[in-house]
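The values are calculated or read from the model by the stated rules, or taken from the named source; none is laboratory data. What you see is a predicted model; the values in this text were computed from it and never measured. Cβ coordinates were reconstructed from backbone atoms using ideal geometry, including for glycine residues, and neighbour counts include every protein chain displayed.
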Amino acid sequence: MSDAAALRLPLAVAAEPVDSPAAAALLREYYTEVADRYFELHEGRRSTPEEIAEGLAEYPSADLMPPHGVLLVARRGGAVVGCAGVRLLDARTAELKQMYVRPASRGLGGAGGLLTAAETAATRLGAERIRLDTRLDLVEAIALYRRHGFTEIPPYHHDDVYAEIFFEKRLDGDPSAD
């Protein structure tokens, strides 16, 4: 199917258990991609299967389950294309986690659709704002977040050595409100 034909298919986003086959595969692909990019940048190599297993254990996704979180899986024409996780940090603040679109599905609007669905999920969880952190080398992600109204903020409560830049977006549409 051409990119133009795929773009015409609607994006369907729904909550899914983190241990479903589709979710587990997406989370592994996400972690592999970000780990490979990190190791290629800093060590000139790709990650090993052992490093991926260790990373998945170090960054579990159990907090992306109800009642305080959700993992969203996107499909286009029945094909699994990506995921985004949302978890509550506190009663008013959600955090975006594991935002990922498979390489073959990039450039077709799936990331924007997933981001919008994540914002809706955060609102349903009671959040008034959504935050995220990412690495500076993930330039595509940074550009996506800025395009969708996220603004850079100081670091929040993190001790994750990979978190280099932090963003937030008000979910009520009023950036001046606190």
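Looking at region 37-79 only, could you name the residues that are hydroxyl-bearing (Ser, Thr, Tyr) and either closer than 20 Å to THR120 by Cα or in contact with a Ser or Thr (Cβ under 6 Å, 6 or more places away or on another chain) (or both)?
Listed by number, the list holds a single entry, SER61.
Here region 65-80 is the region considered, the condition is being modelled with pLDDT under 95 and touching a helix residue (DSSP H, G or I) at 6+ places or on another chain (Cβ under 9 Å), and the residue that is nearest to TYR31 (Cα to Cα) is ALA79.
For residues that are free of Cβ contacts under 8 Å to residues at least 40 places away in the same chain and within 11 Å of the chain's Cα centre (by Cα), scanning just region 92-111, find the one that is nearest to VAL80 (Cα to Cα). Here the answer is VAL101. Do we have ARG75 as of a type in the set (Lys, Arg) and within 13 Å of the chain's Cα centre (by Cα) here? Answer is no for this residue. Scoring PHE39 on the criteria (1) assigned to a strand (DSSP E or B); (2) touching a helix residue (DSSP H, G or I) at 6+ places or on another chain (Cβ under 9 Å) leaves a single failure, condition (1).
Residue count for region 146-162 under the criterion of being under 19 Å from ALA122 (Cβ atoms) and modelled with pLDDT under 90: the result is 2. Name the single residue that is farthest from the chain's Cα centre (by Cα) among those in region 120-159 being surrounded by 15 or more Cβ atoms within 10 Å (Cβ to Cβ) and in a helix (DSSP H, G or I). Step by step, filter region 120-159, then rank; the result is THR123. Only a single criterion out of (1) assigned to a helix (DSSP H, G or I); (2) at pLDDT below 90 is not satisfied by ALA22, namely (2).
Look at (1) touching a Lys or Arg at 6+ places or on another chain (Cβ under 8 Å); (2) in contact (Cβ under 8 Å) with a residue 60 or more places away in the chain; (3) over 19 Å from TYR38 (Cβ atoms) and you find that ASP137 fails only one, number (3). For region 91-101, does any single residue satisfy the condition of being more than 29 Å from LEU171 (Cα to Cα) and among the hydroxyl-bearing types (Ser, Thr, Tyr)? No, there is no match, as no residue in region 91-101 is more than 29 Å from LEU171 (Cα to Cα) and among the hydroxyl-bearing types (Ser, Thr, Tyr).
Pairing residues of region 9-33 that are closer than 20 Å to ASP137 by Cα with residues that are in a loop (DSSP other than H, G, I, E, B) and among the aliphatic types (A, V, I, L, M), at Cβ distances under 8 Å and at least 6 apart in sequence or on separate chains, gives LEU27/VAL18.
Looking only at residues in region 27-56 that are crowded, with 17+ Cβ neighbours inside 10 Å and polar (S, T, N, Q), the one that is farthest from VAL80 (Cα to Cα) is SER47. In the set (1) in contact with a helix residue (DSSP H, G or I) (Cβ under 6 Å, 6 or more places away or on another chain); (2) over 24 Å from LEU41 (Cα atoms); (3) aliphatic (A, V, I, L, M), ALA121 fails one condition alone, (1). Look at GLU140 and say whether it is farther than 17 Å from LEU72 by Cα and of a type outside the set (Lys, Arg). For GLU140, the condition - farther than 17 Å from LEU72 by Cα and of a type outside the set (Lys, Arg) - is met. For region 103-119, a residue qualifies if it is assigned to a helix (DSSP H, G or I) and either charged (D, E, K, R) or surrounded by fewer than 19 Cβ atoms within 10 Å (Cβ to Cβ) (or both), and the qualifying residues are PRO103, ALA104, GLY112, THR116, GLU119.
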